[in-house]
1. Inside the range 62-81, can you point out the residues that are surrounded by 15 or more Cβ atoms within 10 Å (Cβ to Cβ), of a type in the set (Gly, Ala, Ser) and more than 16 Å from Val4 (Cβ to Cβ)?
2. For residues that are outside any loop (DSSP other than H, G, I, E, B) and under 13 Å from Ser21 (Cα atoms), scanning just the range 51-70, find the one that is farthest from the chain's Cα centre (by Cα).
3. Just for the range 33-48: of the residues that are under 11 Å from the mean Cα position of the chain (by Cα) and over 11 Å from Phe8 (Cα atoms), which one is surrounded by the most Cβ atoms within 10 Å (Cβ to Cβ)?
4. Return yes or no: is Ala59 of a type in the set (Gly, Ala, Ser), out of contact with any His (no Cβ under 6 Å at 6 or more places or on another chain), surrounded by 16 or more Cβ atoms within 10 Å (Cβ to Cβ) and at pLDDT below 95?
5. Look at the range 22-50 and say how many of its residues are out of contact with any strand residue (DSSP E or B) (no Cβ under 6 Å at 6 or more places or on another chain) and closer than 9 Å to Val4 by Cα.
Amino acid sequence: MRKVKVVFQSEGWAPEDFEYSEQGIAFDNGYTLAVDANGMVAVYKTVELSNDTAVVVNADDSLTQNPEFLINLILNGGNAQ
């Protein structure tokens, strides 16, 4: 688990050359927790690990509708079981 820059892939909500990013935590199990400037939290499946300090996620694949998953992810240090 490490602090990363979360870069969002867009499927239509932004121009292709536009890069939107937030701060977040990359978990070793392939999930990323992103936090926006207002403190809102969302969980995404990691699409790509760009380097040690950045990950790519698909903005349309948020797992935020499952609050129990988010709670378990945090409580279990990245293992959402």
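1. Passing the criteria: only Ala80.
2. So, considering only residues that are outside any loop (DSSP other than H, G, I, E, B) and under 13 Å from Ser21 (Cα atoms), the one farthest from the chain's Cα centre (by Cα) is Ala54.
3. Val43
4. Values: of a type in the set (Gly, Ala, Ser): yes; out of contact with any His (no Cβ under 6 Å at 6 or more places or on another chain): yes; surrounded by 16 or more Cβ atoms within 10 Å (Cβ to Cβ): yes; at pLDDT below 95: yes.
So Ala59 passes the test.
5. 0
The values are calculated or read from the model by the stated rules, or taken from the named source; none is laboratory data. Because the structure is a prediction, the values reported are computed rather than measured. Neighbour counts run over all protein chains shown; Cβ positions are idealised from the backbone, glycine included.
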